[in-house]
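The values are calculated or read from the model by the stated rules, or taken from the named source; none is laboratory data. Remember, it's a predicted structure, so these values are computed and weren't measured experimentally. Cβ coordinates were reconstructed from backbone atoms using ideal geometry, including for glycine residues, and neighbour counts include every protein chain displayed.
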Amino acid sequence: MRKFLVVLDDSRECLNAIRFAALRAAHTGGGVTILSIIPPEEFQHWIGVGDIMRAEARERIEAHFEVFAAWMRKKQGIDPELVIREGEPVDEILAQIREDPQIGVLVLGAGTDRNGPGPLVTQLSRASGSLPVPITIVPGELPKERLEKIT
């Protein structure tokens, strides 16, 4: 089964990327892997404090995931998989793609503010010629109705 890999983070555009991945998976008989990455700089404290912060970050990620997963299960018939990794975001995305041969497409949401599409879109699109899977970049302000028609 081909899976769509989508990144769950605190960005607004992440919602459209997750929606797109779920809709495409539902229409093509695929699956969805939701990847959330905990950056290493969050744990540059004493060991005990770092462990507590890591646990809190995982709890927050799992709570966000459950909201999206419930929608996917109920509305799209998709049971997504959650993967939580720690490290540099681009490195962890590439590692996940290498480790899971079922991943067929990376789906990213593009930011719409004046700072550009976001660091993941910028960095990964620069390397897109050498990536092992295609990237789908979903505009962050694409209306839900239009997104449903496209997928």
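MET1: part of a helix (DSSP H, G or I), of a type in the set (A, V, I, L, M) and over 23 Å from GLY118 (Cα atoms), yes or no?
It is false that MET1 is part of a helix (DSSP H, G or I), of a type in the set (A, V, I, L, M) and over 23 Å from GLY118 (Cα atoms).
Can you give me the number of residues within segment 29-43 that are closer than 17 Å to ILE135 by Cβ and either modelled with pLDDT under 95 or assigned to a strand (DSSP E or B) (or both)?
Number of matching residues: 5.
Looking at (1) out of contact with any strand residue (DSSP E or B) (no Cβ under 6 Å at 6 or more places or on another chain); (2) under 23 Å from ARG126 (Cβ atoms); (3) aromatic (Phe, Trp, Tyr), which is the only condition PHE68 fails?
(2)
Return the pair list, or none, for Cβ contacts closer than 7 Å from residues in segment 126-151 that are within 24 Å of ARG114 (Cβ to Cβ) to residues that are outside any helix (DSSP H, G or I) and among the aromatic types (Phe, Trp, Tyr), at least 6 apart or on different chains.
Cβ pairs passing all conditions: none.
Can you tell which of VAL67, VAL107, VAL121, VAL90 is over 17 Å from MET1 (Cβ atoms) and surrounded by 17 or more Cβ atoms within 10 Å (Cβ to Cβ)?
Of VAL67, VAL107, VAL121, VAL90, the one residue that is over 17 Å from MET1 (Cβ atoms) and surrounded by 17 or more Cβ atoms within 10 Å (Cβ to Cβ) is VAL121.
Can you tell me how many residues in segment 101-139 are within 19 Å of ILE37 (Cβ to Cβ), in contact with a strand residue (DSSP E or B) (Cβ under 7 Å, 6 or more places away or on another chain) and not in a helix (DSSP H, G or I)?
Number of matching residues: 14.
Could you identify the single residue in THR136, THR112 that is modelled with pLDDT under 90 and either closer than 21 Å to LYS3 by Cβ or surrounded by 15 or more Cβ atoms within 10 Å (Cβ to Cβ) (or both)?
Just one listed residue meets the conditions, THR112.
Please enumerate the residues belonging to segment 70-87 that are surrounded by 15 or more Cβ atoms within 10 Å (Cβ to Cβ) and in a loop (DSSP other than H, G, I, E, B).
Selection gives ILE78, PRO80.
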